[in-house]
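The next block holds one structure in the form of structure tokens; read it before the comments.
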Amino acid sequence: MTADNRASFERQIIEPRSNAKFLRPPVPITQTESNWPLLSVSKGFFERAAAAAPEGVGKRPEVVGLHLSAGHEDEDMGEVGGAWDEEDNALLDDDEDAIGLEGKVRRKKGGDGDDDDEGGDGEGGWDEEDLELPPELEQAIAQDASAGGEGDAGFYVAPTRGNPISHAWTAASSLAADHAAAGSFESAARLLHDQLGVVNIEPFKHHFMVMFARSHASFTALPGLMPLDSYPLRGPATPGGGAVRGPPPVSLPAVAVKLNDLVKRLQACYQLTTAGKFGEALTKFRALMLAIPLLVVDSRQELAEAQQMLDHPKTSIEDQRRVCEMAAYFTHVQLQPAHLILTLRTALSVSFKLKCFRTAGGFARRLLELGPKPEIAQQARKFLAACEKTPVDEERLEYDEHNPFSVCGYDHVPIYRGKPEEKCPFCGAVYLPKHGGKLCAVCGVSEIGKDASGLRIATSQMAGGQQRGN
């Protein structure tokens with residue numbers, strides 16, 4: 001720096017005031033050092049061993065006569081460097097065997113030592129005895145490991161998220177309704193295939209989704225958090241109603257579809273049939289049939305009612321295929337008396353127009369036996385009087401009213417008693433043997449002639465079908 005620059009720099013320096021004072025912040029009235037949280041740190045193994053060393057031991061040990069390997073000359077260790085702490089020296093002096101050296105370790109006392117063993121015999125080595133930790137140190141390590149691993153003491157580990165209760169429903173029940181409510185549609189379809197021979201699961205999709213949606217509810221716990229799920233339950237699965245040994249049983253989902261609900265739906269289908277809306281009635285009858293396997297009933301009486309209810313949609317779906325013969329066949333299916341009167345009137349009118357007077361006369365007699373209204377009875381007597389004048393059929397019909405028969409669901413021809421037949425394991429519709437293995441034309445879901453265990457919707461049936469259903 002030149003002289004001019006130095007002079008310019010010195011002029012820029014501001015001289016402090018003569019009365020200037022050094023400002024310091026005031027001393028706090030309340031000392032807060034004691035309020036800070038302190039972390040407790042336990043002494044390690046070496047600190048405790050150093051503290052337990054005998055008094056008066058302060059000299060560094062001198063290692064003499066130690067041969068690490070053959071061919072190495074002896075080295076004069078001299079005074080041990082400062083990296084070896086006196087606490088380590090205390091360990092060496094306290095227990096010579098813990099070091100594991102075959103050489104001799106001796107300590108100089110007062111600066112004089114015994115050098116008789118210097119050099120050794122050249123066969124020294126490391127002892128293979130393991131170093132054992134004190135019991136209190138092992139206990140501390142075990143506690144740290146149980147709290148989350150070494151080095152993680154005090155670190156919070158969130159618990160593993162468990163499975164919802166719906167995961168246990170499939171293992172605790174062999175009813176298709178419980179599997180559908182749990183969202184296990186694959187196992188529910190497998191149960192329907194084993195029990196009812198169902199091979200087309202597509203029509204059940206809507207019913208499965210409705211049952212799954214009804215099996216749980218959501219509610220808000222705290223603002224800003226995700227909603228929580230709640231599962232309405234109907235009680236544990238106890239086949240037979242007896243006591244259950246072993247672990248407590250799993251509570252199963254609440255019943256979404258009840259038998260009384262299906263009875264009301266059946267009455268609505270009857271009203272559509274009475275009004276002549278056969279297309280709409282056909283759709284509702286089929287939907288009613290698909291809901292029956294997803295019922296859960298507790299008594300054998302309810303099981304019998306469900307099976308009887310399955311017959312009504314089946315017989316209603318098979319109508320209106322051929323005019324005269326189908327009208328005749330329709331008078332032999334299991335219908336309500338009011339509906340049977342309608343079918344007899346239809347068959348009477350159609351057969352009379354075809355000049356099948358003998359067959360029409362039989363329909364008129366059956367109609368009068370049901371006790372219809374006076375105007376209907378008077379009309380039936382007129383038809384009967386006209387038919388008795390010419391009791392012949394100008395058209396040959398494949399129909400014998402005196403021989404019991406069932407109607408094939410595909411060909412719509414009578415299968416008289418004693419003839420070979422195949423049945424649908426779900427709805428019970430009858431078919432000729434040549435249709436075995438096909439999809440049922442009535443219910444549209446099961447295989448004709450499929451060997452199945454039958455309808456299982458009662459809790460009392462769970463004991464026998466638990467293994468097969470799962």
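The values are calculated or read from the model by the stated rules, or taken from the named source; none is laboratory data. For clarity, every value in this text was computed on a predicted model and none was experimentally measured. Every residue, glycine among them, receives a Cβ derived from its backbone with ideal geometry; neighbour counts consider all protein chains shown. Keep in mind that these areas ignore ligands, DNA and RNA; they rest on the heavy atoms of the full protein, side chains included. Shrake-Rupley method; radii C 1.70, N 1.55, O 1.52, S 1.80 Å.
Think of the stretch 259-309 as having a plus end and a minus end, set by charges on the Cβ of Lys, Arg, Asp and Glu; of Val297, Ala287, Asn260, Ala287 sits farthest toward the positive end of this dipole.
R0 = 51 Å: FRET efficiency of Glu369 with Glu186, Cβ-based, nearest 0.05? Approximately 0.50, to the nearest 0.05. Taking other residues whose beta carbon is less than 11 angstrom from the beta carbon of Ala458, and scoring Lys, Arg as +1 and Asp, Glu as -1, yields 0.
As an equivalent ellipsoid, the stretch 259-309 spans semi-axes of 23, 10, 7 angstrom, where each value is the square root of five times an eigenvalue of the C-alpha gyration tensor, largest first. Among the listed pairs Lys205/Lys264; Lys355/Lys382; Lys277/Lys450; Lys284/Lys373; Lys205/Lys450, those whose Cα-Cα separation exceeds 24 Å are Lys277/Lys450; Lys284/Lys373. The number of Lys pairs in the stretch 389-438 with C-alpha atoms less than 20 Å apart, excluding pairs fewer than 8 positions apart on the same chain, is 4. For the stretch 316-400, the dipole from Cβ point charges (+1 on Lys and Arg, -1 on Asp and Glu) about the Cα centre works out to 320 debye, to the nearest 20. Site pair Leu439 and Val263 shows an inter-label distance of 3.4 nm when each label is modelled 7 Å from Cα along Cα→Cβ. Dipole magnitude for the stretch 403-453: computed about the Cα centre from +1 point charges on Lys and Arg Cβ and -1 point charges on Asp and Glu Cβ, it is near 100 debye.
Here the dipole of the stretch 259-309 is about 220 debye; that uses its Cα centre as origin and unit charges on the Cβ of Lys and Arg (positive) and Asp and Glu (negative). For the stretch 368-446, treating each Cα as an identical point scatterer without solvent, what Debye log10 I(q)/I(0) comes out at q = 0.13, 0.23, 0.26 1/Å? Evaluating at q = 0.13, 0.23, 0.26 Å⁻¹ gives log10 I(q)/I(0) of -0.64, -1.00, -1.16. At the residue level, Lys450 shows approximately 70 square angstrom of accessible surface with a 1.4 angstrom probe and all protein chains present. Pairs of C-alpha atoms in the stretch 316-400 farther apart than 15 Å represent 52 percent of all such pairs.
Write down, largest first, the equivalent ellipsoid semi-axes of the stretch 403-453 in whole Å, where each equals the square root of 5 times an eigenvalue of the alpha-carbon gyration tensor. So the equivalent ellipsoid measures 18, 11, 9 Å along its semi-axes.
Across Val413, Val27, Val442, the residue with the most accessible area heads the list, and the full order at a 1.4 Å probe is Val27, Val413, Val442. Coupling constants for the stretch 446-456 follow from the phi torsions by the Karplus curve (6.51 cos²θ - 1.76 cosθ + 1.60, θ = phi - 60°), and in residue order they are 9, 8, 5, x, 5, 7, 10, 7, x, 5, 10 Hz; glycine and proline get x. Each semi-axis of the equivalent ellipsoid for the stretch 300-441 is √(5λ) with λ an eigenvalue of the Cα gyration tensor; in descending order they amount to 29, 19, 11 Å. The distance between label points at Val199 and Tyr156 comes to 5.9 nm (points 7 Å beyond Cα on the Cα→Cβ vector).
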